[in-house]
Every structure is written in C-alpha cells, then in structure tokens.
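Read through the structure below, which is laid out as structure tokens, and then see the notes.
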Amino acid sequence: MSLLFKKNKQTEAQIDEFLDLVIKGGLIFKQAVRYYLQGRIEEFEGHLKELSDTEEKGDELRRQIETKLYLRTLIPESRGDVLGLLESSDKVLNQTTETLMQFSVECPVIPEDLHPLFIDISDYAVSAEEGMVKAIRAYFRDLAAVRDHVNKVLFYRKEANKSAEKFKRAVFSRDLRHSHKIHLRYFAYHVELIAEEAEDVCDRLSIATIKRYI
Amino acid sequence: MIWFFLTSGLFLGWSLGAKDAANVFGTAVGSRMVRFKTAAAVASLFVILGAVVEGAGTTATLGHLGAVNAIAGSFTVALAAGVTIAWMTRARLPVATSQAIVGGIVGWNLFTGSPTDLEVLSRIVATWLLSPLLAAIFAILLYLLFKRCLGRARIHMLRLDAYTRTGLIIVGALGSYTLGANNIANVMGVFVPASPFRDIQLFGIFTLHGTQQLFLLGALAIAVGIFTYSRRMMDSVGNDIFKLTPILAFIVVLAHTIVLFLFSSTGLQSALVALGLPTIPLVPVSSSQAIVGAIFGIGIVKGAQGVNFKLLGKIAAGWVMTPIFAGLLTFVSLFFVQNVFEQEVVHHPAAAATSIIAPEPRPNVTAPVTPLASPMQTRAGNDSLITINSSNPLPQPIN
C-alpha cells in the first residue's frame with residue numbers, strides 16, 4: 001500500500017513539475033519579447049533556445065504522466081479530464097514557443113512608440129497563462145479556489161484583447177505599407193492567442209471541476 | 001440424503017454471493033478503482049469470517065420466527081426462496097434474500113400450522129423499512145461530513161485517489177464481514193435446527209461448533225458465487241444502475257456497512273445490554289435495501305434532481321412482492337414435497353419423545369402437549385450459538 005502512495009506522490013510531483021515548466025515558459029516569453037523590442041537579439045535568441053528546451057522537456061514530462069495515469073489506472077474517474085488539461089496547457093506552452101520562433105524568423109519591425117502597447121499584450125497574455133496554471137493546481141488540491149483563478153484568467157484575456165485591438169487600430173491608422181500592417185497584426189494576434197488558449201483551458205477546467213465536486 | 005437437501009441452501013448462498021457482493025464492491029470494481037480479483041478475494045475472506053464468527057445473532061431471530069425443524073422442510077424453504085430470487089432477478093425486479101427467506105419461513109409456518117410469532121415478524125418487517133431509512137440518514141451525514149472535511153483538507157487528487165482505493169478495500173472488507181454476519185442466516189438459518197454437523201475441537205485451541213460448520217459451508221457457497229458470477233453484477237452496478245464517483249461509492253458502502261453492523265453485531269448488543277441501553281434487534285436485513293437507501297440519501301442531499309423515483313417505486317414493489325411470492329411458493333412446494341415425494345417437512349419432537357418415554361402407547365391417550373424440548377433444542381444439541389426457541393408451541397402438520 002505504501003508503494004501505491006509513493007508512486008502516486010511521484011506522479012503528483014511530475015504534474016507539479018510540468019506546471020512549473022508552463023509558468024517558466026511564460027516568464028521566458030515575457031522577458032524575450034522585451035529583449036527583442038530593446039534590440040538585444042543575442043539575449044533574445046538565448047531565451048528562445050531556453051524556451052524550446054523547456055517545451056521539449058514539458059512534452060516529455062506530459063507523456064510520462066499520461067503513461068503512468070493509464071498504466072496504473074490512477075484517478076479513473078478524472079483521468080480523461082486531467083489528460084485533456086495537461087495536453088491543452090502544453091498547447092499554451094507550444095504557442096509561446098511558436099510565437100517567439102516567429103519573432104526570430106520573421107523579425108517584425110514594431111514602431112517604437114507602440115512598444116509599450118505590445119508589451120502590455122504580452123504581459124496580459126502571460127498573466128492569463130499564469131492564472132491558468134494556478135487554476136489547474138487548484139483543481140488538484142483546492143476546488144473552491146479554481147473559480148477565483150479562472151475569473152482572473154478571463155480578466156487578463158479581455159485585457160489582452162483590448163490592448164491588441166488598440167495596437168491594431170494604431171498600426172492601421174499609420175502611414176505604413178499594407179504588408180507591414182498585416183505583419184504587425186499577425187504578431188499581435190499570435191501573442192493574443194496565448195491568452196485565448198489559456199481561456200480555453202479554463203473553460204475545460206470549469207466543467208472538470210463541477211464533475212469533481214462530491 | 002442430507003447433503004442433497006443442503007444443496008438448496010448452497011444455491012441460495014451462491015446467488016447471495018453473486019448478487020450482494022456487487023453491493024459492496026460493485027462501484028469500486030466497475031469504476032476500475034479496485035481489481036475484480038482483489039475485490040473477490042477480500043469479499044470472500046471477510047464474508048466467511050463474518051458468517052462463522054458472528055452469524056448466530058440474526059439466525060436466532062429467524063429461529064424465533066419459525067424453527068424449520070425437518071431437513072426436507074428446510075430444503076423446500078431455501079429452494080423456494082432461491083427460485084423466487086432467480087425469478088425476480090430474471091424479471092429485472094430488485095430482490096432481497098432476507099425477504100425471500102422470511103416469506104418462505106412464514107409459508108412453512110402456515111403449511112405446518114406452526115404459529116408465526118407476530119411480534120418477531122413485525123420486528124423484522126420494521127427493520128426492512130428501517131434499514132434503508134437508516135442507510136439514507138447515515139449516507140447523508142457521512143456525505144456532509146466528507147464534503148466539509150475534504151473541502152478543508154486540500155488533499156491532492158492523486159493522493160485522494162490512493163486514500164479512496166484503500167478506503168474502498170477496507171470498507172468493502174467490513175461490508176463483506178457484516179454481510180456474512182447478517183445474511184448467513186438467510187442462507188443457512190433454516191438448516192440450523194436440522195444441522196448434521198457436530199462440534200469439532202481444532203488443534204485443542206478452539207471449538208468449531210456444528211452451526212459454525214454449517215455457516216462455513218454456506219459462506220463458502222457465497223464465496224463461490226462471488227468468484228463465479230459477481231463480476232457481471234459488479235460491472236453492472238458500477239456502470240449502469242447507479243453512477244457514483246469513487247468517493248460517493250465509499251460513503252454509500254460505509255453507510256450500508258454501519259446499518260448491517262447495527263443489525264447483526266452480537267458484541268454491540270452485549271455492550272448495549274451492559275450499559276443498560278435499549279438493544280437493536282439482530283435481524284437479517286437486506287444488503288440491497290441498505291445500498292438503495294444510502295444512494296437515495298445521497299440523491300436527496302444532492303438536490304433530488306437525479307433521483308429516479310420511478311425506479312424507486314419499482315424497487316419498493318419488488319420488496320413487497322418478494323416475501324409474498326416466496327411464502328406462496330413455499331406453501332405449494334411443501335405440499336408436493338410432503339404428499340408427492342413423501343418427505344417429512346416438519347419434525348414432531350414430542351411424538352419422538354413420547355415414543356422413547358412410553359414405548360407402548362396406550363390407546364385413547366393423546367401425546368403430551370408440552371414438548372420436552374423445543375425443536376431448536378432437540379436438533380441443535382449443545383450448540384451455544386443458537387438461541388433456544390422454547391416458547392414455540394408444537395407445530396401441527398397439514399396433511
């Protein structure tokens with residue numbers, strides 16, 4: 001019986017570790033965007049590399065958790081929900097990596113006066129991601145707290161949308177080439193997408209939480 | 001011949017094992033929280049322990065209701081109860097072994113002209129109403145307690161999963177123990193007055209009474225029922241009939257176990273007597289009734305939206321029909337066993353005693369009215385586990 005408890009604790013630790021990686025990914029992204037806007041490309045590329053490694057590690061850890069949950073038939077009632085949550089939060093991590101990779105490949109030119117607005121979008125998106133991770137942690141330990149975190153995620157997603165809208169309006173009101181405008185809109189959209197994905201995870205989480213109430 | 005007669009009891013035991021083990025471990029196995037082999041092994045072991053150690057209390061109550069004192073009578077009563085259960089299960093009506101056997105005993109009383117102790121009968125019927133009600137109350141209280149505690153404890157889902165698995169096995173073991181203690185009377189109770197077993201001294205340490213050997217045999221039949229046929233029932237209970245989460249399943253089985261324990265623990269009864277408190281009657285109650293009561297309680301406390309009242313009505317109808325049908329079937333079967341197969345379905349100890357005391361019966365002198373010993377005394381010998389039913393007047397056969 002103690003073996004069962006020990007194995008469960010190991011899986012518990014792995015889930016926590018995976019969520020730590022998602023948080024770490026968000027923080028790296030936030031800092032990397034700042035480096036990019038400041039023109040510190042070397043540091044930006046270093047962060048991109050770190051984020052790619054984090055994502056790979058996250059993928060590996062998620063697969064290990066999934067295998068353990070299935071092989072040991074742990075939490076049979078909630079297994080589907082937990083695996084769904086882990087997979088969709090992994091998608092959020094993938095989205096941050098992919099967006100940062102696009103910066104590295106496409107090198108968008110963001111007008112300097114729009115930098116604060118772009119940083120706002122990035123910060124709100126990462127705050128939504130952090131809120132999502134807190135909500136998932138609460139799902140495992142403290143169901144009553146899930147709702148509070150989910151509400152925060154919704155708030156940050158809305159703020160990210162507002163900032164993105166402002167950014168796009170500002171871009172399209174300027175005398176820039178149309179291709180440039182489209183390019184900038186594309187980047188704002190992709191950063192915004194991180195918050196959208198986090199919100200999708202929370203929608204899923206809300207249903208899973210209701211199912212877990214005894 | 002006696003072994004042939006015991007087969008109906010063994011059949012009843014097999015059906016009880018197949019049917020009622022699912023009440024205890026059904027959700028745990030159906031939801032894949034506990035493996036079937038683990039569940040079956042734990043359930044079998046504890047059913048046997050419960051039956052052998054503490055099966056006497058409820059058997060005594062059945063003995064008060066009617067001491068079926070001839071082996072062919074016991075065979076017929078058990079067979080009629082078994083057929084009733086099989087028929088009602090086939091008709092998809094929920095059925096309780098306790099009710100079938102009580103109906104059968106009353107049928108035997110009616111056929112043989114033995115008086116039915118209405119006080120005992122009303123006590124038994126009252127517990128049929130009381131046990132689901134009590135199970136519902138316990139389930140509600142346990143649900144509220146668990147909800148409060150789990151909300152505060154903030155246990156990680158995976159750790160809670162491990163605790164729940166452990167809890168389901170422990171409570172399943174307790175449930176199986178109380179099932180054996182409480183329900184062995186249904187399986188072997190009617191054979192006690194006609195038991196063929198004698199006391200055995202084991203390793204000079206303890207004595208295995210004749211009744212305990214009979215109960216062991218019945219419990220083994222229950223164990224066979226668990227291993228051979230309860231898998232299907234467990235899967236069905238776990239997935240179709242009531243969809244409970246593992247924690248709710250734990251609460252339901254715990255409530256069921258408490259109820260069965262209250263109605264079968266001789267230890268608890270002794271403790272209550274020692275404290276000068278009113279005792280709880282030791283009556284074989286239905287495991288299924290207790291489970292249904294507990295689930296109903298959970299449904300009510302969760303807002304009653306999910307409670308299927310139509311199904312509950314069907315279950316209640318089954319509870320009323322079972323003893324009536326079993327009683328009628330026993331009555332008819334006894335007629336055939338006695339008059340077609342020419343078997344003795346009721347034993348006359350007074351007549352036997354008379355023949356020993358007065359080998360040459362005098363003409364025009366009726367046999368003594370008061371028996372030297374009650375049917376239970378006569379057959380059970382020195383078996384200390386059996387409560388003597390000396391107040392029962394001599395049964396009169398109907399020819």
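The values are calculated or read from the model by the stated rules, or taken from the named source; none is laboratory data. Model, not experiment: these values are computed from the prediction. Every residue, glycine as well, gets a Cβ built from its backbone with ideal geometry; the counts of neighbours run over all protein chains shown.
Annotations
- Some residue of the range B:25-46 being within 15 Å of the chain's Cα centre (by Cα) and either within 13 Å of B:ALA185 (Cα to Cα) or free of Cβ contacts under 8 Å to residues at least 12 places away in the same chain (or both): no
- Pairs, first free of Cβ contacts under 8 Å to residues at least 24 places away in the same chain in the range A:36-50, second surrounded by 18 or more Cβ atoms within 10 Å (Cβ to Cβ) and not in a loop (DSSP other than H, G, I, E, B), C-beta under 6 Å, six or more apart: A:GLU43/A:TYR35; A:GLU50/A:ILE28
- Taking (1) touching a residue at least 60 places away in the same chain (Cβ under 8 Å); (2) within 27 Å of A:SER78 (Cα to Cα); (3) surrounded by fewer than 17 Cβ atoms within 10 Å (Cβ to Cβ) in turn, A:ALA145 satisfies each apart from (1).
- Across the range B:187-209, the number of residues qualifying as under 19 Å from B:LEU49 (Cα atoms) and surrounded by fewer than 22 Cβ atoms within 10 Å (Cβ to Cβ) comes to 10.
- Options B:LEU144, B:LEU130, B:LEU158, B:LEU150; residue that is more than 14 Å from every other protein chain (Cβ to nearest Cβ) and either aromatic (Phe, Trp, Tyr) or in a helix (DSSP H, G or I) (or both): B:LEU130
- Filtering B:GLN212, B:GLN201 for residues that are at pLDDT below 90 and touching a helix residue (DSSP H, G or I) at 6+ places or on another chain (Cβ under 6 Å) leaves a single hit, B:GLN212.
- Residue satisfying all of: in the range B:294-315; surrounded by 13 or more Cβ atoms within 10 Å (Cβ to Cβ) and at pLDDT below 80; nearest to B:ASN23 (Cα to Cα) among these: B:ILE315
- Residue list for the range A:48-86, filter: touching a Gly at 6+ places or on another chain (Cβ under 8 Å) and within 14 Å of another protein chain (Cβ to nearest Cβ): none
- Leading residue by the ranking (farthest from the other protein chains (Cβ to nearest Cβ)) among those in the range A:2-33 that are within 28 Å of B:LEU160 (Cβ to Cβ) and charged (D, E, K, R): A:LYS24
- When B:ILE71 is tested against (1) closer than 22 Å to B:LEU179 by Cβ; (2) surrounded by 24 or more Cβ atoms within 10 Å (Cβ to Cβ); (3) away from every other protein chain (no Cβ under 14 Å), only condition (1) is not met.
Condition check ((1) surrounded by fewer than 15 Cβ atoms within 10 Å (Cβ to Cβ); (2) touching a helix residue (DSSP H, G or I) at 6+ places or on another chain (Cβ under 9 Å); (3) outside any helix (DSSP H, G or I); (4) modelled with pLDDT of 95 or more) across all residues:
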{"residue": "A:LEU21", "(1), (2), (3), (4)": "no, yes, no, yes"}
{"residue": "A:ILE28", "(1), (2), (3), (4)": "no, yes, no, yes"}
{"residue": "A:VAL33", "(1), (2), (3), (4)": "no, yes, no, yes"}
{"residue": "A:GLY39", "(1), (2), (3), (4)": "yes, no, yes, no"}
{"residue": "A:LYS49", "(1), (2), (3), (4)": "yes, no, no, yes"}
{"residue": "A:ASP53", "(1), (2), (3), (4)": "yes, no, no, yes"}
{"residue": "A:THR67", "(1), (2), (3), (4)": "yes, no, no, no"}
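- Test: residue in the range A:102-119 that is among the polar types (S, T, N, Q), out of contact with any Phe, Trp or Tyr (no Cβ under 9 Å at 6 or more places or on another chain) and more than 30 Å from B:SER31 (Cα to Cα): no
- Test: residue in the range B:244-264 that is surrounded by fewer than 24 Cβ atoms within 10 Å (Cβ to Cβ), touching a helix residue (DSSP H, G or I) at 6+ places or on another chain (Cβ under 8 Å) and among the small types (Gly, Ala, Ser): no
- Evaluation of A:LEU71 against (1) touching a helix residue (DSSP H, G or I) at 6+ places or on another chain (Cβ under 9 Å); (2) within 30 Å of B:LEU168 (Cα to Cα) (one fails), failing number: (1)
- Test: B:ALA91 is without any contact (Cβ under 8 Å) to a residue 40 or more places away in the chain, within 26 Å of B:GLY9 (Cβ to Cβ) and more than 14 Å from chain A (Cβ to nearest Cβ): yes
- Being under 19 Å from A:SER78 (Cβ atoms) and crowded, with 20+ Cβ neighbours inside 10 Å is a condition met by at least one residue of the range A:124-133.
- Some residue of the range B:108-118 being touching a His at 6+ places or on another chain (Cβ under 9 Å), more than 14 Å from chain A (Cβ to nearest Cβ), in contact (Cβ under 8 Å) with a residue 24 or more places away in the chain and under 23 Å from B:PHE46 (Cα atoms): no
- Test: B:THR89 is within 26 Å of B:PHE227 (Cβ to Cβ), surrounded by fewer than 23 Cβ atoms within 10 Å (Cβ to Cβ) and among the hydroxyl-bearing types (Ser, Thr, Tyr): yes
- Pick from the range A:75-89, criterion over 15 Å from B:ASP161 (Cα atoms) and surrounded by fewer than 18 Cβ atoms within 10 Å (Cβ to Cβ), ranking: nearest to the chain's Cα centre (by Cα): A:GLU87
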